[in-house]
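Report on the structure given below.
The values are calculated or read from the model by the stated rules, or taken from the named source; none is laboratory data. Source: prediction; values computed, not measured. In this analysis, Cβ positions are derived from the backbone assuming ideal geometry, glycine residues included, and neighbour counts consider all displayed protein chains.
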Amino acid sequence: MGFFDGLWPGRAAQFDSGNATSSAVVLSKRNATISLNKQGALSGNLRVNLSWRMRTSDIEGRSRQSGKLRRPLQLFKPEVVQAHTQGVVNVDLDLGCMYELMDGTKGVVQPLGSLIGDLNGPPYVRLSGDDRFGAPSGETVYVNLDQRDKIKRLLFFVYIYDRTPAFDRTHAKITLYPGHGPRIEIELDERAPQARSCAVFTVENIKDELIVRREVKFVYGFQSELDRLYGYGMQWGRGYKSRT
């Protein structure tokens, strides 16, 4: 609970449920699941987008603090700059998706190893692009919901590739854009300074109902540790991305 949540009860609840201006549903610890069936979002492509910005230090010298003393509310608002600004933290967040199909096929879609997947064939999940600088467009994974009967479960995760752990310095958000209904937002707002990976959310096909569940579980390892946590049972080895 934030400082101002105690001053104005109900503020957190308003955030959890989204609002008319943003037309978004925000998944939180209290409201962690949503049914795509009940949203009428069972056709077309589900677009999953990762975007992030870098936070500067909360205290960066007396010159900035003096300005905040004249504006007290700014004391509770971290400074934010775009992630591609160098000299803050050099971080490369990647979006990935582990999948299990109804026929038992398991695998992963991710920038590492150029495992981009396929939208019109198995696994019906495809990665579009690899954002290494926190550009506004971010990274996107598409899921073909027209083939949802072939998908058993998905685990979407974010990891830091070959950089210093810096989840505590990033302001990262996952946004789901169904073909119909409001977008769904999940903030990676918990502090885990040494973590290298985060299981963000799952999609499970439970009796033909697609359930999205917020996870936001940080781990100190990489994909193999997330695999063990969620029981996919795959074999993992070291991978690399191209230098382009």
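Some notes on this structure:
- Summed over the range 168-221, residues that are of a type in the set (Lys, Arg) and in contact (Cβ under 8 Å) with a residue 60 or more places away in the chain total 5.
- The range 184-203, residues that are part of a strand (DSSP E or B) and either among the hydrophobic types (A, V, I, L, M, F, W, C) or at pLDDT below 95 (or both): 184, 186, 187, 188, 197, 198, 199, 200, 201, 203
- Restricting attention to the range 95-126, the residues that are of a type in the set (Asp, Glu) and under 17 Å from residue 232 (Cα atoms) add up to 2.
- The residues of the range 112-121 that are touching a Ser or Thr at 6+ places or on another chain (Cβ under 9 Å) and either polar (S, T, N, Q) or surrounded by fewer than 16 Cβ atoms within 10 Å (Cβ to Cβ) (or both) amount to a single one, 114.
- Residue within the range 23-32 that is at pLDDT below 85, under 27 Å from residue 125 (Cα atoms) and assigned to a loop (DSSP other than H, G, I, E, B) present: yes
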